[in-house]
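Below: one structure, written as structure tokens.
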Amino acid sequence: MMRTGILVGLGGLCTALTACGGSPPPPQAAPAPKVVAAVPAPQPTAPTPGQPGPLVAAPVVPTSAGPAYESKDRRDPFLPLDVTGGPKGLEVATTKLTGIVRSARSSLALVEAQDGVGYILKPGDTLGDGRLLEIGADTAVFAVSARLGSQSNRVVLKLAAN
């Protein structure tokens, strides 16, 4: 039913167009493009006394170093992080492994410090004096060094059985 209405509508439109004056006028040819002669660029000349010289853009120099950061007892986000690790005085040997979370892409270790603060770590993260190397089925292996640049020891935290 819808198609009939469209065809009747188009038929009526065609009838109205032919009644108004027949066929549309033939298309006209596009005008030929104009040829413009190339004009050479003006050569710079020495300014004469009393005439201003050519305009030259001056380099942009910042007027200030920007707004100052007010820390208000917070870490400055514009300074690099301390790569040596987490909280001061925290040792991997004094923490306990409380859980392991596994997903299709990665694993996470849930570690709890003596003061009850929990940490969620992935391999490569640092905690106190150690760096998490790998997460096993029920273990987390850390590389712990006594001093920066010294030989590292392996510390293995085992998941506590309930």
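Report, largest value first, the span of the C-alpha coordinates of segment 92-158 along each principal axis, in whole Å.
35, 27, 16
Could you point to the residue in Ala140, Ala93, Val117 farthest towards the positive end of segment 92-158's charge dipole, with +1 and -1 charges on the Cβ of Lys/Arg and Asp/Glu respectively?
Ala140
As an exercise, use a Förster radius of 22 Å and the Cβ-Cβ distance of Val117 and Ala68 to find the FRET efficiency, rounded to the nearest 0.05.
Working: r = 33 Å, r/R0 = 1.48.
Calculated value: 0.10.
Order of 111-117, 95-101, 70-76 by packing, highest average Cβ count within 10 Å first?
Per-residue mean Cβ counts within 10 Å order the peptides as 95-101, 111-117, 70-76.
Computed from the coordinates by the stated procedures, all read-outs in this text should not be read as laboratory data. Keep in mind that what you see is a predicted model, and the values were worked out from it rather than measured. Positions of Cβ are backbone-derived with ideal geometry, glycine not excepted, and every protein chain shown enters the neighbour counts.
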